[in-house]
Each structure stands twice: as C-alpha cells, then as structure tokens.
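*Asks:* Handing you this structure, nothing more for now.
Derivation of every value follows stated rules applied to the coordinates shown; laboratory data play no part. Just so you know, these numbers come straight off a predicted model, no measurement behind them. Neighbour counts run over all protein chains shown; Cβ positions are idealised from the backbone, glycine included.
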Amino acid sequence: MDLNHVLFEKRGKFLRSRAASWVDFLWGYFFPRESAIIGSIDEKFFHGKDGMTMKKYDYLIVGAGLFGAVFAHEVRKVGKTCLVIDKREHIGGNIYTEEIEGIQVHRYGAHIFHTSNERVWKYVNQFAKFNHFVNSPVAVYKDELYNLPFNMNTFYQLWGVKTPAQAKAKIQEQISQMHIVHPHNLEEQALALVGKDIYEKLVDGYTRKQWGRECKELPAFIIKRLPVRYTFDNNYFKDPY
C-alpha cells in the first residue's frame, strides 16, 4: 500500500517520560472526559526530542494496522492531514512483511486474505496483485493423512463412505454412543459434535498442541461448533475472493 503521504512518527522522549502509557496520554489529551467529540481533531500535538513543537492535524490515528493505514490513505486522498502513531517501528500491524533474501516473510505468522465482499476485493486489488491461493490443509495422524476441513474426502479416508447420507449416519452413530447431554469440558463437547474418530484423530492432538493443556482441562465453550461439510471440497474458505 502506498503510504508516502502518511505522517508516521514514533513516540518521542516526551511521551515516554511524561506518561506511563502513551495511548492513555494521547487519548486523555485529545479526548478529555468532558468531551464527547470523537472525529476530526483540531488540536495541538506535542513531539520532538528536545522540546515541544506545536503541530495541527485533522486526524490522529492510533495504530498503523489495516484499519489505521487504510483510513490514513483515504483521508490524505481528500486533502486531510493525519498523524499515525504505532508502538511498533513499522506499518501494517500483524500482517507486516519483510523481505528476506528476496522472499516476503510474514513476521507475525502467515496471513491469507479472503473476502466475500466484491467492493473490498476491488479496493485491495489497486494496491497489489493477489495469487489464486486455495487453503487446503492436510492433517497428519501417525502415518495417515486427512484432508481439512472435515468434508467428504475426510470421511472417505476415515471410513470409506462415499455419500453424505453414509457420512452423517456414521457420525450420528458415534455421537449417540457417547451419551453426552451437557458437555463439561472441551473433550466432551467435541465428542458430542463429531464423535470419537474425528475427535481422536483430528481434534485432540491439535488442540493440546495449541493450548498446551489436555482437552479435559479446557472449557467446553472454546468449541461452539465444528464445521462439517458433506461435499468433496477441501477449500478451507467459502469466500469467492
């Protein structure tokens, strides 16, 4: 994204020395408790290493992530001024990438852009060319491979079933064997949703790895539902873009 016109400044000594929290300081300065105005800012902002310089901006944007960066870009296009501040030394928030040996590396973990909103899709395409990437993960359980998310390919790999009716019957059979009416933990919740085979092979190990705890020690509300698709479709997302 072209943010050449965005004013991006790191917090200076003044903010570090005068306020325990720079966000609290700025919020209190621009939006005192007696003020209910949140919007265009016509106030003075302090910055500088040796003293205080008075500047005026139309907008103060706290955070240079997706929302902050896009907002700054758009207000500059209509002639407004803005000050963007962020505790990190770069823009982009958690989707920030840095080039390492010619490769764009996601510093905070890989992100996949997808949307069902055509307007959003057209907007982002003015900034970059997107690859046609289909997220179709494969889970490894011992020496076995299973497609994710749970779909007819997964059920065929598990039980050899070929129709949605057969898959539904198998899952319901396993659920009924659990006799779980009111799940007390994550393990019981998952068993009540998808049965024993899917839980043991595709939920239990992954959940323990992510949370660092046994599934019996985790509350049931963590898993409200487990998406099950009765189609032969390995695409993790249903969004058209």
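*Asks:* Amide H of residue 83 versus every other amide H placed in the peptide plane: which residues, excluding those fewer than 5 positions away on the same chain, fall under 5 Å?
*Replies:* 59, 60, 61
*Asks:* Next up: What does the charge count around residue 93 come to, taking other residues whose C-beta lies under 12 Å from its C-beta (Lys +1, Arg +1, Asp -1, Glu -1)? Please report the intermediate quantities before stating the final value.
*Replies:* Details: positive: 87, 88, 107; negative: 86.
For residues surrounding residue 93, the net value is +2.
*Asks:* Find, to one decimal place in angstroms, the Kirkwood hydrodynamic radius of segment 126-240, where the mean of 1/r is taken over every pair of different Cα atoms and then inverted. Display every interim value, and only then the final one.
*Replies:* Numbers: mean 1/r = 0.0652 Å⁻¹.
Result for segment 126-240 stands at 15.3 Å.
*Asks:* Over the Cα atoms of segment 148-210, how large are the radius of gyration and the largest Cα-Cα distance (Dmax), in Å?
*Replies:* 11.9, 33
*Asks:* Over segment 138-222, calculate the relative contact order: mean separation of alpha carbon pairs under 8 Å at least 6 apart, over the residue count, as a percent.
*Replies:* Reported relative contact order: 24 percent.
*Asks:* Check each of the GluC sites (Glu not before Pro) in segment 189-241 and keep only those in coil by DSSP with at most 14 other C-beta atoms within 10 angstrom; list them in order. Please report the intermediate quantities before stating the final value.
*Replies:* On the way: sites: 200, 214, 217; in loops: 214.
Sparse-neighbourhood loop GluC sites (Glu not before Pro): 214.
*Asks:* In Å, what is the Rg of the alpha-carbon atoms in segment 88-167, and how long is Dmax?
*Replies:* Final numbers for Rg and Dmax: 18.6, 55 Å.
*Asks:* While we're looking at this one, here's another question. With a Förster radius of 51 Å, plug the Cβ-Cβ distance of residue 59 and residue 181 into 1/(1 + (r/R0)^6) and report the FRET value to the nearest 0.05. Intermediate values should be presented prior to the final figure.
*Replies:* Working: r = 54 Å, r/R0 = 1.05.
Efficiency computed from Cβ-Cβ geometry: 0.40.
*Asks:* Applying 1/(1 + (r/R0)^6) with R0 = 22 Å to the Cβ-Cβ distance of residue 120 and residue 80, what FRET efficiency is obtained, to the nearest 0.05?
*Replies:* The calculated FRET efficiency here is 0.50.
*Asks:* I've got another one for you. Give the Debye-formula value of log10 I(q)/I(0) at each listed q (0.19, 0.23 Å⁻¹), with one equal scatterer per alpha carbon of segment 176-215, two decimals each.
*Replies:* With no solvent term, the Cα-only Debye profile gives -0.49, -0.69.
*Asks:* Amide H to amide H, which residues 5 or more places from residue 185 or on other chains are under 5 Å from it, using H placed in the peptide plane?
*Replies:* Under 5 Å from the amide H of residue 185: 220.
*Asks:* What is the local net charge at residue 105, summed over the other residues whose Cβ is closer than 13 Å to its Cβ (Lys, Arg +1; Asp, Glu -1)?
*Replies:* On the way: positive: 107; negative: 98, 99, 101.
Computed value for this residue: -2.
*Asks:* Starting from the Cα-Cα distance between residue 221 and residue 113, subtract it from 0.36 nm times their residue separation and give me the gain in nm to one decimal. Walk me through the intermediate numbers first.
*Replies:* Values: separation 108, 0.36 × 108 = 38.88 nm, distance 2.72 nm.
Extra length available between residue 221 and residue 113 comes to 36.2 nm.
*Asks:* Around residue 152, what is the net charge, scoring Lys/Arg as +1 and Asp/Glu as -1 over all other residues with Cβ under 13 Å from its Cβ?
*Replies:* Neighbour charge sum, excluding residue 152 itself: +3.
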